[in-house]
Amino acid sequence: MKTIDGDLLLLANTGSFEVIVHGCNCFCEMNGGIARSIQQHFPEAYQADLATARGDKEKLGTYSVASVHRNGKQVVIVNAYTQYHWSGKGVLADYEAIRDVFTAIKRDFAGCKIAYPRIGAGLARGDWRVIEKIIDEQLHGEEHTLVNFVSSGAQ
């Protein structure tokens, strides 16, 4: 896993990555964390999420997708269903769902430049050490990058 500091959405807009992945809940709620920014900057990704069944636990470990064109560049936004609910106590991140969705991402986006934030380790309160290991295992051999958020100041 390559790690850089930056603004994932700005990097996506400039064509630095072909696929960006972010964690979602199964209730089509993108009201916090990077999901909120994605909803605002890439409404196509939010529409893809809304096209799925709200509250369907079967979404865990799957994803919805939107192909977005900005500034003459194309990026695929992957809404990865890595947690069932967006609120509650304790860890909301589902480690098996994270494993399953990254297995699917490797299968479906092999050879693409893939980037993501600390999926499941923010508002979902998952253990990044566990999640990082899962992602590294599932994307072994692929070009993938963790982008630690650092504001660009321009959005």
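Since every read-out is calculated from the coordinates, none of them should be taken as a lab result. What you see is a predicted model, and the numbers here were worked out from it, not measured in a lab. With ideal geometry, Cβ positions are generated from the backbone for all residues, glycine too; neighbour counts draw on all protein chains shown.
Counting other Cβ atoms within 10 Å, which trypsin sites (Lys or Arg not before Pro) in segment 67-119 have at most 13 and lie in a DSSP loop? Counting only loop positions with at most 13 other Cβ atoms within 10 Å, the trypsin sites (Lys or Arg not before Pro) in segment 67-119 are LYS89. Within the same chain, aspartates and glutamates fewer than 8 places from LYS57 are excluded, and of the rest, those with a Cα less than 15 Å from its Cα are GLU29, ASP49, ASP94, GLU96, ASP100. Placing +1 on the Cβ of every Lys and Arg and -1 on the Cβ of every Asp and Glu, with no other charges, gives segment 2-149 a dipole of roughly 200 debye about its Cα centre.
Our helix-only sum for the chain, with -39,500 (n - 2.57) per DSSP H run of n ≥ 4 divided by its residues, gives a mean residue ellipticity at 222 nm of -9000 deg cm²/dmol. Projecting label points 7 angstrom from Cα along Cα→Cβ for ALA104 and LYS73 puts them 2.6 nm apart.
Modelled spin labels at ARG36 and GLU58, positioned 7 Å past Cα toward Cβ, are 3.3 nm from each other. With a cut-off of 19 Å on the backbone N, the residues of segment 41-59 near the modelled label site 7 Å out from HIS85 along Cα-Cβ are 53-59. Only one residue of VAL21, VAL76, GLN39 has its Cα farthest out toward the positive end of the dipole of segment 2-149, where Lys and Arg carry +1 and Asp and Glu -1 on Cβ, and that residue is GLN39.
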